[in-house]
Every structure is written in structure tokens, then in C-alpha cells.
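> Below is a structure I'd like to ask you about.
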């Protein structure tokens, strides 16, 4: 599960880095410190219209939420990962909060297979149902 946590953190950090750089650039463009490119204009328009800018959506988690709700969701996701990192493995996981939930599900299967000394390709989530 540490691998899953690490991969999730890498993805979120990459997204946050892009958000930081582009927010600084659009702020500078709005006050005339840098040239307002078409890309920055689209980003400013998206923010004004409460939509997730395309540059963020391309690197971000899948979501159909408007920008304000997307930001709240993003903060909640980062809090979940931060809590996991600082306090250890949680008792309950927020599966939809993962960037790549398939990696978490595969990790869960691997842990189960190791614990019960089974070949992972012989089990599925319906194994004990």
C-alpha cells in the first residue's frame, strides 16, 4: 500500500505544481507583467466561469464538478493522503478519492493474496462472497 500512496502523491504533486505555475502566470498576465497568451486567456475565462481550466483537467483527477466544488474536492483528497502519510494506514479508504483507484484495488488483492498464500491471479473481489 505504500507504493499506492507514493504513486498518488506523485500524481497530486504534479497536478499542484502545474496549478501553482499557471495561477502565477495568469495573475501576472492580468496585471500586465507578462503577455496574455491564448492559453492564459482560456484559463482566466475558465476560472471566471467557475470551470476547471483545461491545463488542470489534463493533469488532474477525473471530475465533472464546477471549479469551486473541484477545489473543495481536491483539498479533501489531499487531506486524505496527508492523513494517510502522517498517521499510517487508514481503517477506511476513500476509493473515489484516488487518482488511480485500480492501483489501490490491485494492491488490496496483492495484500490479500500474500496474507492467505494464494496466487493473485486465482482470486478476485468476489472470492469470499
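> So, in the stretch 10-24, how many residues would count as being touching a residue at least 24 places away in the same chain (Cβ under 8 Å) and farther than 12 Å from residue 60 by Cα?
Residues in the stretch 10-24 being touching a residue at least 24 places away in the same chain (Cβ under 8 Å) and farther than 12 Å from residue 60 by Cα: 1 in total.
> Name the single residue, out of those in the stretch 55-75 being modelled with pLDDT of 95 or more and touching a helix residue (DSSP H, G or I) at 6+ places or on another chain (Cβ under 7 Å), that is surrounded by the fewest Cβ atoms within 10 Å (Cβ to Cβ).
The selected residue is 65.
> Would the stretch 31-38 turn up any residue that is in contact (Cβ under 8 Å) with a residue 12 or more places away in the chain and either under 22 Å from residue 85 (Cα atoms) or in a helix (DSSP H, G or I) (or both)?
no
> In this structure, is residue 125 under 13 Å from residue 8 (Cα atoms) and modelled with pLDDT under 95?
So residue 125 fails the test.
> Please determine whether any residue of the stretch 1-15 is buried (at least 16 other Cβ atoms within 10 Å of the Cβ), within 18 Å of residue 68 (Cβ to Cβ) and under 22 Å from the mean Cα position of the chain (by Cα).
Yes: one or more hits.
> Go through (1) in contact with a helix residue (DSSP H, G or I) (Cβ under 6 Å, 6 or more places away or on another chain); (2) surrounded by 12 or more Cβ atoms within 10 Å (Cβ to Cβ); (3) modelled with pLDDT under 95 and name the single condition residue 100 misses.
(1)
> Moving on. Quick one: which helices (runs of 4 or more DSSP H) lie wholly within the stretch 39-129 and hold at least 2 residues that are within 21 Å of residue 3 (Cβ to Cβ)?
Where helices (runs of 4 or more DSSP H) fall fully within the stretch 39-129 and carry at least 2 residues being within 21 Å of residue 3 (Cβ to Cβ), they are 67-87, 101-115.
The values are calculated or read from the model by the stated rules, or taken from the named source; none is laboratory data. Fair warning: this is a prediction, and the values are worked out from it, not measured in the lab. Here the Cβ is made from the backbone with ideal geometry for all residues, glycine too, and neighbour counts use every protein chain on show.
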